[in-house]
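Below is one structure, written out as structure tokens; the observations come after it.
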Amino acid sequence: METLFPLMAIVVLSNITEACAGFGATILAVIFGARYFSIEDLIPMLVPLNLLLSFIVVVRYSGDVDRKALVSRILPIAGVGMPIGIAIFQFAPSQVLKIAFGVIVVLLGLFELATEALATKKGARAANRKLPFWQGFAFLLGGGIMQGLYASGGPFVVYYASREIADKRKFRTTLAMLWLILNAVLVSSLVLTGKITRFTLQFSLYLLPAVLVGMVIGMKVHDRVSETAFRRFVYALLVVAGASLAYRTAVSG
């Protein structure tokens, strides 16, 4: 139980990020929480909690969902990739998962930082220009695979959605609706495969107050802080955390 309090602090901070920016809760919690638990245990603990967060955001801001973007492209393509990630998660060893996850997160963080810098250099229009079909398909498919594998498809999908949805409230709520649908499927898969157990549910209940605190703070931050500055901070944090996880796992292995 001595690992519970550090994990609670991690969950508060990660849920502040998601409630504010529309993504980040699971990916940050997994990266930092992997120091205390295996990824195989963390995912079943965190996904039901993220489901609750997404549900609250969607219910509160239901009018802000961009249904056209969600139904016509984002959900169908990401939904195709998700079963692939779920299948990999069932069989990949914990050490391999940690190293791969750390490397992927570093690459994503660097990619997003470079994208932000390029958009700033070229002006706001560069950031909002829609992606060609094949690029959008690749990002959404990759996001679906990552969602099934780590419950953390955010960075791929966020990059696509940032080009399609300009309004920040619609952006956040549309992503919340996506995570709500995909994580409902993922929870069902985790239950059927025995990944969600009495142990993981016990920790999910312990972590519930941390989710609610992070959600309330994040919603307030959303309306007051520049999202551009906030996203850059998160991406830089992902680079450091991902590199730390991959290095620590490789050395200990």
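None of the figures in this text is laboratory data; all of them are computed from the coordinates on show. This one's a predicted model, so the numbers in the text were calculated from it and none came from an experiment. Note: ideal-geometry Cβ built from the backbone for every residue, glycine included; neighbour counts use all protein chains shown.
Stretching the chain fully between Leu201 and Phe91 yields a gain of 37.4 nm (0.36 nm per residue, less the alpha carbon separation). In the chain, helical runs assigned H by DSSP with n ≥ 4 each contribute -39500 (n - 2.57); averaged across all residues and rounded to the nearest 500, the mean residue ellipticity at 222 nm is -27500 deg cm²/dmol. Here's the picture: charge each Lys and Arg Cβ at +1 and each Asp and Glu Cβ at -1 in the chain, and of Leu238, Ala87, Val47 the one pushed furthest to the positive end of that dipole is Leu238.
Within the stretch 1-64, list the GluC sites (Glu not before Pro) lying in a DSSP loop whose Cβ has at most 10 other Cβ atoms in a 10 Å radius. Answer by residue number: Glu2.
With a threshold of 27 Å on the Cα-Cα distance, the over-threshold entries among Lys98/Lys220; Lys130/Lys170; Lys130/Lys220 are Lys98/Lys220; Lys130/Lys220. Between the Cα long axis of helix 227-252 and the first principal axis of the chain there is an angle of about 30°, rounded to the nearest 10.
Round to a whole angstrom and tell me the spacing of the C-alpha centers of the stretch 164-208 and the stretch 4-52. Their Cα centres are 11 Å away from one another. Relative to the longest principal axis of the Cα atoms of the chain, helix 168-192 runs at roughly 30 degrees.
Under the convention that each Lys and Arg Cβ holds +1 and each Asp and Glu Cβ holds -1, the size of the dipole of the chain around its Cα centre is about 680 debye. Once Cα Rg over 2.2 N^0.38 Å is calculated for the structure shown, the corresponding label among (1) 1.11; (2) 0.94; (3) 1.21 turns out to be (2).
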